[in-house]
Structure formats: structure tokens, C-alpha cells
1. Before I look further, what does the chain give for accessible area per residue, probe 1.4 Å, in whole square angstrom?
2. For the chain, just the Cα set please: Rg and Dmax, both in angstrom.
3. Mean 1/r over all different Cα pairs, inverted: what Kirkwood radius does region 110-237 give, in Å?
4. Quantify, in whole percent, the carbon and sulfur part of the accessible surface of the chain (1.4 Å probe; protein heavy atoms only).
5. Which value, in Å² and to the nearest 10, is the accessible area of Lys308 when all protein chains are kept and the probe is 1.4 Å?
6. Determine the order of His290, His137, His316 by accessible area, beginning with the largest, at a probe radius of 1.4 Å.
7. Show the residues, 5+ positions off or on another chain, whose built amide H is closer than 5 Å to the amide H of Ile103.
8. For region 36-88, what mean projected area does the convex hull of the alpha carbons give, in nm²?
Amino acid sequence: MNSKFHYIEISKNGPADTLEINEGSFNEHLADDEILIDVKYSGINFADILMRLGLYRDAPKKPFIPGYELSGIVKAIGSSVTKFKVGDEVMAGTKFGGYVSKIKLKDWQVLEIPDGLNLKEAAALPVNYITAYIAAHEFGRIRKDDRVLIDCATGGVGVVLMQLCEKVGAEVVGLTTSPAKKDFIASYGAKAYTFQEFENTDETNFDFILNSSGGKSLKAQYQRLSKSGKMCCIGLQSAVTDGKGNFFSQIKAAITSPWYPILKLVMESKSVSGFNALSYFDDEPWMQKHLPSMESTLVKPFIGEVFKAEDVARAHQTLEQKKTRGKVILEW
């Protein structure tokens, strides 16, 4: 059986208005282990911005549908699916293909929505939760009284990580580009600075630093690590300036990103690591092992703005120009 659906496509690299919303034919036939979802909301991530600009190495060949997370209503299930039923409200991690009004996914990609969250919040959670969870518990091993620095504190990942740190009793310092956002960081129990203010402080001895900026910020933040301190890198936002990814900003970000020889790390008793949370989205064993812990470490994402799907260009602009707090999502 075929039906109509809408999807947002990247057919060429460029600014936000190059995004295309199209209508297509959708084959609703399901494999035994598949679930058909009528999508209500799709989450937007900074990785979507990078791939639209041509800065994301692992993006599929164009044209392709971006998007890593969504929430919606189960419309149909395959014959072997037992965990869900038609009518259930669910969320999912997709690893591309999430900017759609209808989708088929394997049952292990689909997640129950934790109690206390609505469909909007559910679409804002998978990528940010997995990123923050891996940073805090796999790489950071954050413990009570640890000092934690988050350089993306007002973004979706930062909001979740601040809450995870509060749960274990860690002390958090959060950074922002805008003085107007400092109160938002403070509302999560963290000490807030703008990047410029932070440069002029003597805040040091951080046990864990989450860095999303890359470039020259890595060297400066590394100097603030404690003995046995860990810095984890999750992005290169410094490659995007004023909502644009130009050749100069890419080169500048690359050449100002320092190298950390093993001997240097050994002598200084520090560690630098990095990960791409999206690579975990196609790792079924990891997902099955770790995501059940979501119930015991439940956090609430903060929804910055909700845009209609046809207004996706403005949604991208809002995120890439850092005009919002928390998560930006699309409504179908």
C-alpha cells in the first residue's frame, strides 16, 4: 500500500534556504521487525547545519534527507513486534532520514517515551540525551564534587548534561556567547560566564570539560584541566561563523585545533578524547544496553522554539546563528 508523505531534502550545499520540502509516495509495507510512525515532531541538531554546509564528512551522497530524531504515533507494526502497539506515542533515533512526516524503522530504534515527557519534549531528547550520557558516564565518569566545564551550556546537549551533573552532585560552569543567556544557565544550578568573561577568570582544576567549539578553544581549555582531568570534544562549531561555513572559517578552525601527542598527555596526566554520538545510532547492542537507564536518569529537555516543517529554513537559521536556547524542533 502506498500513501503520500512529505520530506525535507538537502540536494546541494549552501545556506538554509537551499533546504527543499517535497511530497513523495510512501510504501507502507512493513518487514516483520519494522514499525510505521506518523511523525509529529523532528529534532534539529547542529550536525544538520554542518551537513547542509558540506562540512559533515559522513553525510550521505546528495540528495538525502537529514535528521536524527523524531517523535510520533505508531500507525502499524510488523508481525514480530511485541513491544509496541498501534496508537502508542513513541520517539526514535534515526541516523539520517528524520525530517519526514512518515517513517518506517526497526523496532530496536524506537523508544518508549518516559513518563513526564510529551511528544515535543520526546523529539528533543534522543540525540542530546545520548550525547550527554556518553560524555558524562562513558568518557567523563563524572562523580560527586567533580568540577565540570560545558562550553555549549545553553544548547540542547548542555541543558541535558547540566541536569545529569546535578544528579551526581558535580559542580558545573557553563559558557555562552550572550550575556542575556547567563540567567538561563544559572537556573540549572551552574555558574555562568560568557566566553569573553571566562577567558579573564582564574577558573581551573576542571575534572571534565565538554568542548563543542574546537579550534583555539581546545588549547585554552586544556590548560584549565586538573591532574587526571579529561576533555571530550564533540564538535567544531567554530567552523561556522555568523551562520555560514566559509573556507576561511574552516581552515582557521582546523589550523588552530591543537595536536596532543601521547607523551605530552602522559607527562601532564591529562586526557583528550572525542566521539560522534550519531555513530551510536546504528549500534543495536549499545542502544539496547544503555537506553533503559533513561528512566532512572530522566531529564527534561528545554524546547527553545518550534517551527512548522515548511519553515525549516528559518529553524536552521535560528539554530546556526545561536538565537535560541535549548532545542529547536520541527512540527509536521
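The values are calculated or read from the model by the stated rules, or taken from the named source; none is laboratory data. In this text the structure is predicted, and so the values were computed from the model without any measurement. Protein only, heavy atoms only, side chains kept; ligands, DNA and RNA dropped before computing areas. Shrake-Rupley method; radii C 1.70, N 1.55, O 1.52, S 1.80 Å.
1. On the way: 15000 Å² over 332 residues.
About 45 Å² of surface per residue is accessible.
2. In Å, with Rg to one decimal and Dmax whole: 19.9, 64.
3. 14.8 Å
4. Within the chain, the accessible surface is 51 percent carbon and sulfur.
5. Rounded to the nearest 10, that gives 110 Å².
6. Per-residue accessible area, sorted high to low, gives His137, His290, His316.
7. Sorted by chain and number, the residues that satisfy this are Ile37, Val39.
8. On the way: hull surface 19.7 nm².
If you wrap the Cα atoms of region 36-88 in a convex hull and average its projections, you get 4.9 nm².
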